[in-house]
Amino acid sequence: MNDKITYRFSQILTIAFIVVLIVPGFIFIVQDFFGEQNIFEIRLTQPKKIKHDIRNYYSEKFLFNSPFVNQYLKFKTDVLQENPIPFNVIKGLNGWYFLGNNYYNTLNDAFGNDSFSTNELTTIKNNLLSINSYLKSKHIAFYVVVVPNKNSIYKEHLPYKLKQKSTKLITLQHQLGNTDISFINLTEHLKSAKSQQQLYYKTDSHWNTFGAFIGYEKMMDHFQNKFSVEANIISDYNIETDFEIYGDLTRLLKINIPENSIYVKKINDNLSEDYTKPILRYSNGINDIKLLMFRDSFANNLIPFLNDTFGETLYLKDYTINENLIEKEKPNIIILQIAERKLRTLLNLKSPI
């Protein structure tokens, strides 16, 4: 009898182990039959794009959209207490979450394991020099502002450590060191301010408004060397400590628990403005300096501070710096703001002419 019980228990363990291995794949198959009918076309004439297209299909049209997937994520998180998607999101220490390698190899890059090639560095350098040269001919100041990844600022909360090598950001900064491009790397300035307040959300991949203000201060150091603009100080704003967000990282894991965070806001601000829109324009008349910023989502928390500094501002969620736009807008300053994790985007920059 005992032998039969032992055998049966062994069978159960074996089946359970197999289920754990095949459940994710089974979920995807089930959704293909019973979920939304997404037609996926593989272009055999472009073999290099097949892997990219498959990944995009599953992440954008498929993954996280199925009730089967949601239940699987909930089981892994609540019952097994495991991170169900280790390559999208990394569960760190002390309640911190980080982007994994499915987003621009962000985790690898934190330790310098996703480097630029020599040719890539040269391409980016030439792209930026071409843009800088054109804007100088128009008497427009050009700044490249890089917001570091949370993985770079709060590396101590990652679940493990690797040997540190030079990151893409550091190698690019060295590459541009002997040029006249105004390259603003906010990493060290943010690291030095970590003792003041938490600068990034624990459950989101972005900096919070206090971190954005610290970045704003560093940017203003550069701008004030050339322009007569007055930088705002932290006492110009109200600071709240019970601002609730639902972070993008925990949302990926279907963990719907809010995070309380610091929030720096204008006095009497009702927080009704949506800074996520692709095109934003503001005017306040405090001076005659016009700012044009090409940006990503990290600028959302920068925008209020820049609006308080420049007479006119225009923000575009795009990196297409074209001659017609510049001739029409006639800005005094152009900022190309980019997150560290998106640095490879600079390989595709085009000259305005």
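Some points to look at:
- Selection of the range 95-142 for residues being among the small types (Gly, Ala, Ser) and farther than 17 Å from residue 345 by Cα yields 95, 100, 110, 112, 133, 137, 141.
- Residues in the range 102-111 that are of a type in the set (S, T, N, Q) and on the phi < 0 side of the Ramachandran plot were compared, and the one that is modelled with the lowest pLDDT is 102.
- As a summary of the residue check, residue 249 satisfies the conditions (1) assigned to a helix (DSSP H, G or I); (2) without any contact (Cβ under 8 Å) to a residue 60 or more places away in the chain; (3) in contact with a strand residue (DSSP E or B) (Cβ under 6 Å, 6 or more places away or on another chain) except for the one numbered (2).
- Of everything listed in (1) surrounded by 18 or more Cβ atoms within 10 Å (Cβ to Cβ); (2) in a loop (DSSP other than H, G, I, E, B); (3) at pLDDT 95 or above, the single unmet condition for residue 114 is (3).
- Flag if residue 347 is touching a helix residue (DSSP H, G or I) at 6+ places or on another chain (Cβ under 7 Å), surrounded by 17 or more Cβ atoms within 10 Å (Cβ to Cβ) and either at pLDDT 95 or above or β-branched (Val, Ile, Thr) (or both): no
- Contacts under 8 angstrom Cβ, first residue in the range 125-153 being over 26 Å from residue 165 (Cα atoms) and of a type in the set (Lys, Arg), partner modelled with pLDDT of 95 or more and not in a helix (DSSP H, G or I), 6 or more apart: 136/142
- Filter result (of a type in the set (S, T, N, Q), in contact (Cβ under 8 Å) with a residue 24 or more places away in the chain and in contact with a strand residue (DSSP E or B) (Cβ under 8 Å, 6 or more places away or on another chain)) within the range 260-283: 261, 283
- Test: residue in the range 291-304 that is over 20 Å from the mean Cα position of the chain (by Cα) and surrounded by fewer than 18 Cβ atoms within 10 Å (Cβ to Cβ): no
- Just one residue in the set 288, 318, 248 is assigned by TED's automatic domain parsing to the domain that holds residue 223 and surrounded by fewer than 13 Cβ atoms within 10 Å (Cβ to Cβ); that residue is 288.
- Residue satisfying all of: in the range 254-264; out of contact with any helix residue (DSSP H, G or I) (no Cβ under 6 Å at 6 or more places or on another chain) and assigned to a loop (DSSP other than H, G, I, E, B); modelled with the highest pLDDT among these: 258
- Within the option set 347, 343, 336, being out of contact with any strand residue (DSSP E or B) (no Cβ under 8 Å at 6 or more places or on another chain) and outside any loop (DSSP other than H, G, I, E, B) holds for one residue only, 347.
- Residue in the range 223-243 that is touching a residue at least 24 places away in the same chain (Cβ under 8 Å), part of a helix (DSSP H, G or I) and under 21 Å from residue 106 (Cβ atoms) present: no
- With respect to the stated conditions, residue 99 is within 19 Å of residue 338 (Cβ to Cβ), in contact with a helix residue (DSSP H, G or I) (Cβ under 6 Å, 6 or more places away or on another chain), modelled with pLDDT of 90 or more and not assigned by TED's automatic domain parsing to the domain that holds residue 181.
- Answer residue from the range 117-162, given it is of a type in the set (A, V, I, L, M) and assigned to a strand (DSSP E or B) and is surrounded by the fewest Cβ atoms within 10 Å (Cβ to Cβ) among those: 141
The values are calculated or read from the model by the stated rules, or taken from the named source; none is laboratory data. Keep in mind that what you see is a predicted model, and the values were worked out from it rather than measured. Every residue, glycine among them, receives a Cβ derived from its backbone with ideal geometry; neighbour counts consider all protein chains shown.
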